[in-house]
Amino acid sequence: MDLQGSFHVYDTTLRDGAQQEGLNLSVADKLTIARQLDGLGVGFIEGGWPGANPKDTEFFRRAAAELDLGNARLVAFGATRRAGVAAADDPLVAALRDSGAPTVTLVAKSHDRHVELALRTTLEENLAMVRDTVAHLRAEGQQVFLDAEHFFDGYRANRAYALEVLRTAAEAGAEVIALCDTNGGMLPDRVGDVVGEVIDATSARVGIHCHNDTGCAVANTLAAVSAGASHVQGTINGYGERTGNADLVAVVANLELKLERSVLPQGMLREATRIAHAVAEVTNVPPASRQPYVGTSAFAHKAGLHASAIKVDPNLYQHLDPVEVGNDMRLLVSDMAGRASIELKGRELGFDLSGDKALVERVTARVKEMEAKGFTFEAADASFELLLVEEVEGHRPTYFETESWRVITETRPGDEAISEATVKLVAGGVRYVVTGEGNGPVNALDSALRQAITQAYPEVAKFELIDYKVRILDQGHGTDAVTRVLIETTDGESSWDTVGIGANVVEASWGALVDGLTFGLRKHHR
């Protein structure tokens, strides 16, 4: 498949996506993300703006030696020459020329008001800046695209001038003109109309670049494609300033699975979930659980009615097979669960409950009772599995017996609060008394508990607390509030989630930590 041919999938995560509030990427981060994007099969990866900042300049220097892209072409982003300066003499144009990138995307003003107020030059000079810069880079052997900034607003204000910018770029050698909804204020019908009019009025190959300020970035992109655009821009996970850019995974998934257009290499869409989550790990921005196609909740089912139907045919409550995007169907266990939900969840965890109606009813009743007290199992599969094991086998897996535990937190003026936990327990017939420290009661308890258990079970040394969430639940009706703690644990190969409740954070954490270690030990011992 020619990824740089009849249809372009163009990723701008490393440049436009990196403008998201709180998202900071090192050069190493950008190189890692570029490799992931190449694994998705995109045709173009915009690496940044060389010459505008040292980090992006360094990225292109290292990319030349360290990036071996199998699918994508690397793109350098930059601006047209400055007013009154020849393109060959402009240092930022020179940085694009010297970047080593085979493709350059130039941003140009297509809104007359922006030309006069932001660039502070004439409309004629802006056209010359576009013409000269495109022609210069083409003469240097680089492929050139143009991002027509604020195009839709400019088209509304001065249609003739906006179109003249596009014609000028195309005649100078720009292969693609991306129409940018820079302020993100457009709606799909209008985007489709304008793209169609532009294609009729110019000889340019048209692309689309949408921001999500109206919540329509993906829909606007699809509307542009339906009107004839053959180049789509976006970012992985929809990263970007303000409300973000078009989520490129949702765009390509819709194109391939809904509109039946082949835009990625065969089979690569099935890597989408893995890659979206891998990039989220690098950016340190938690993935959105409800993100279309690749979110952990994208194919999750909670209500008993849905689960009953899914038991008959999964497609009754799913718009497609999640395998198509590398995701999984998940059954959530909650107080809304019916017998079908429990039976399906049991099957997912390796338990065939279909022949024991009494067992299923008993588990269902216990789940509802525990969730009424404050537990939640939809986000704690490991705790639910331990409950299921207890009901199926008649006893809960036990690898240690607790005698007591306590936590003391000491705070000194101007210093961090330090918690110290002491745990007394019996494991493998040996009594242990261990003290651990941490920057809070949860971490201190985790440290002490794991130190003690590791002495009896060395494999626990690999276990690590990844994250925990605390929530205070107001039960109402004059009852005392309940604290719930969700904990995620890993052994380096996989992770699991457990839940505990109690009168306070320490008590709730203890329950979740014990479940986490118990689940991990059971996993390694069976």
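Going 7 Å from the Cα of residue 464 in the Cα-to-Cβ direction, what parts of segment 496-526 have a backbone nitrogen less than 15 Å from that spot? Correct set: 496.
Working from Cα pairs under 8 Å separated by at least six residues, relative contact order for segment 200-309 is 18 percent. Taking θ as phi - 60° and the Karplus parameters 6.51, -1.76 and 1.60, the scalar couplings of segment 288-296 work out to 6, 5, 9, 5, x, 6, 10, x, 5 Hz in sequence order, x denoting glycine and proline.
Residues whose amide H lies under 5 Å from that of residue 8, counting only those 5 or more places away or on a different chain, are 231, 232; hydrogens are built 1.01 Å from N in the peptide plane. Beta-bridge orientation, the chain: approximately 50 percent antiparallel, per DSSP, counting only bridges with both partners inside.
Assign one of three labels to segment 133-292, namely rounded, prolate or oblate, based on the Cα gyration tensor with a ≥ b ≥ c the square roots of its eigenvalues; rounded applies when a/c is under 1.5, prolate when it is not and a/b is larger than b/c, and oblate otherwise. Since a/c reaches 1.5 and a/b is larger than b/c, the shape of segment 133-292 is classed as prolate. Contact order for the chain, expressed relative to its length and based on alpha carbon pairs under 8 Å spaced 6+ residues apart, stands at 9 percent. Spacing of the modelled spin labels on residue 297 and residue 53, each 7 Å from Cα toward Cβ, amounts to 3.2 nm. Taking all Cα-Cα distances within segment 1-85, those exceeding 22 Å account for 26%. Given H placed 1.01 Å from N in the peptide plane, which residues other than close sequence neighbours of residue 299 have an amide H under 5 Å from its amide H? Result for residue 299 returns 330.
Fraction of C-alpha pairs exceeding 20 angstrom in segment 128-217: 32 percent, rounded to a whole number.
Once backbone amide H atoms are built at 1.01 Å from N, residue 178 has 146, 147, 148, 207 as its partners under 5 Å, excluding neighbours fewer than 5 places away on the same chain. For segment 135-185, just say rounded, prolate or oblate: build the C-alpha gyration tensor, square-root its eigenvalues into a ≥ b ≥ c, call rounded for a/c under 1.5, and beyond that prolate if a/b exceeds b/c, oblate if not. Note, shape of segment 135-185 comes out oblate. In percent, how large is the relative contact order of segment 219-274, given Cα pairs closer than 8 Å and 6 or more residues apart? In percent, rounded to a whole number, it is 22.
What is segment 378-526 by shape, rounded, prolate or oblate, if you read a ≥ b ≥ c off the alpha carbon gyration tensor as root eigenvalues and call it rounded for a/c under 1.5, prolate for a/b larger than b/c, and oblate otherwise? Judged from the Cα gyration tensor, segment 378-526 comes out oblate (a/c at least 1.5, b/c at or above a/b). One decimal place: the segment residue 242-residue 213 gains 9.7 nm when fully extended, by the rule 0.36 nm per residue minus the C-alpha distance. Taking the Kirkwood radius as Rh and the Cα radius of gyration as Rg, segment 49-139 has a ratio of Rg/Rh equal to 1.03. The packing ranking, built from the mean of other Cβ atoms within 10 Å per residue, places the peptides 397-403, 110-116 in the order 110-116, 397-403, highest first.
The simple spin-label model puts a point 7 Å past each Cα toward its Cβ; for residue 120 and residue 266 those points are separated by 5.8 nm.
Protection proxy ranking, highest mean first, for peptides 87-98, 345-356, 162-173: 162-173, 87-98, 345-356, where packing is the per-residue count of other beta-carbon atoms within 10 Å, averaged.
Read the figures in this text as sums done on the coordinates, not as results from a lab. Predicted model only: the values in this text are computed from it and were never measured. Every residue, glycine among them, receives a Cβ derived from its backbone with ideal geometry; neighbour counts consider all protein chains shown.
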